[in-house]
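Chemist: I'd like to ask some things about the structure below.
The values are calculated or read from the model by the stated rules, or taken from the named source; none is laboratory data. Just so it is clear, the structure is predicted and the values come from calculations on it, not from any experiment. Don't worry about glycine lacking a Cβ; one is built from the backbone with ideal geometry, like all the others, and counts go over all protein chains shown.
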Amino acid sequence: MPDIVMRSLREEDAAAVLDAHLRNRAYLAPFEPPRSESFFTLDGQRDRMRSIVARERAGELATRAMIRGDRVVGYASFADLTPSPRCGATIGYWVDPGEQGRGLATAAVADLLVIAADRGVHRMEAATAPTNTGSQKVLTKNGFVHYGTAHSHLFLNGAWQDSHLFERILNDDPPGT
């Protein structure tokens, strides 16, 4: 993947992220929460980038934008960090349909797992739509195991949806070590 750069999001990425969301709006709709119209504006993405960058600097999340040239073609992050005694986080990602099957999400998730382990995260979780076998493959390639199904788990695409739940234990270190 020498033509793809993976890095944290920056404030100046707002226009490229907006373009990515506009290009992928219909594709992502079934997998994402309802978005306000302001999300699909440059000002909305500028505000979002400022928030993401600040939260990343504070250690509340980590991001990986997948960039080809000047286009964002995917995004991965972990967030929802919970302190001891759980020491967990949740990971999510998406890749532009035209870029799928190249290992981008698998590489981004692997990178984020290293960052999470370095930050003392013990357990990483992910949820996928039951029909999203591509996302499930990304997780299993990264050592996640399916441990159940959460019924009516997320309100997406106008209805409560089930989710397949995955987990990966990153380490067995006690909290704070």
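Chemist: Restricting the search to the range 154-175, which residues are surrounded by fewer than 13 Cβ atoms within 10 Å (Cβ to Cβ) and either touching an Asp or Glu at 6+ places or on another chain (Cβ under 8 Å) or not in a strand (DSSP E or B) (or both)?
Modeler: Scanning the range 154-175 gives Gly158, Asp172, Asp173, Pro174, Pro175.
Chemist: Hey, could you check the range 119-153 for residues that are surrounded by 13 or more Cβ atoms within 10 Å (Cβ to Cβ) and of a type in the set (A, V, I, L, M) and say which is farthest from Glu60 (Cα to Cα)?
Modeler: Ala129
Chemist: Inspect all residues belonging to the range 70-88 and state whether any of them is aromatic (Phe, Trp, Tyr) and within 16 Å of the chain's Cα centre (by Cα). Quick ask: steps written out before the conclusion?
Modeler: From the range 70-88, those aromatic (Phe, Trp, Tyr) are 75, 78; that's our starting set.
Next, only the ones that are within 16 Å of the chain's Cα centre (by Cα) stay: 75, 78.
Yes, the conditions are met somewhere in the range 70-88.
Chemist: Can you tell me how many residues in the range 30-48 are more than 14 Å from Leu156 (Cα to Cα) and of a type outside the set (Lys, Arg)? Spell out how you get there, then give the answer.
Modeler: From the range 30-48, those more than 14 Å from Leu156 (Cα to Cα) are 37-48; that's our starting set.
Right, trim to of a type outside the set (Lys, Arg) and you get 37-45, 47.
Number of matching residues: 10.
Chemist: So, restricting to strands (runs of 3 or more DSSP E) that lie completely within the range 1-118, which ones have at least 1 residues that are among the β-branched types (Val, Ile, Thr), free of Cβ contacts under 8 Å to residues at least 12 places away in the same chain and within 22 Å of His164 (Cα to Cα)?
Modeler: 71-82
Chemist: Is there a residue being surrounded by fewer than 20 Cβ atoms within 10 Å (Cβ to Cβ), farther than 20 Å from Met6 by Cα and either of a type in the set (Gly, Ala, Ser) or in contact with a helix residue (DSSP H, G or I) (Cβ under 6 Å, 6 or more places away or on another chain) (or both) anywhere in the range 107-117?
Modeler: Looking through the range 107-117, none of the residues is surrounded by fewer than 20 Cβ atoms within 10 Å (Cβ to Cβ), farther than 20 Å from Met6 by Cα and either of a type in the set (Gly, Ala, Ser) or in contact with a helix residue (DSSP H, G or I) (Cβ under 6 Å, 6 or more places away or on another chain) (or both).
Chemist: Just wondering, is there one or more residues in the range 23-34 that are within 16 Å of the chain's Cα centre (by Cα), among the aromatic types (Phe, Trp, Tyr) and on the phi < 0 side of the Ramachandran plot?
Modeler: yes
Chemist: Hey, can you tell me all the residues within the range 122-149 that are touching a Phe, Trp or Tyr at 6+ places or on another chain (Cβ under 6 Å) and either closer than 12 Å to Ile169 by Cβ or of a type in the set (Gly, Ala, Ser) (or both)?
Modeler: From the range 122-149, those touching a Phe, Trp or Tyr at 6+ places or on another chain (Cβ under 6 Å) are 126, 139, 144, 146; that's our starting set.
Within the range 122-149, Ala126, Phe144 meet the criteria.
Chemist: Next question. Mind checking which pairs have a first residue in the range 132-153 that is assigned to a strand (DSSP E or B) and a second that is of a type in the set (Phe, Trp, Tyr) and surrounded by fewer than 14 Cβ atoms within 10 Å (Cβ to Cβ), Cβ under 6 Å, 6 or more apart or different chains?
Modeler: So the pair list comes out as Ser152/Trp160.
Chemist: What's the total number of residues in the range 112-161 that are at pLDDT below 95 and of a type in the set (Asp, Glu)?
Modeler: Number of matching residues: 1.
Chemist: Identify the single condition in (1) surrounded by fewer than 19 Cβ atoms within 10 Å (Cβ to Cβ); (2) closer than 21 Å to Asn171 by Cβ that Ala89 does not satisfy, given that it satisfies every other one.
Modeler: If we test Ala89 against (1) surrounded by fewer than 19 Cβ atoms within 10 Å (Cβ to Cβ); (2) closer than 21 Å to Asn171 by Cβ, just (1) comes out false.
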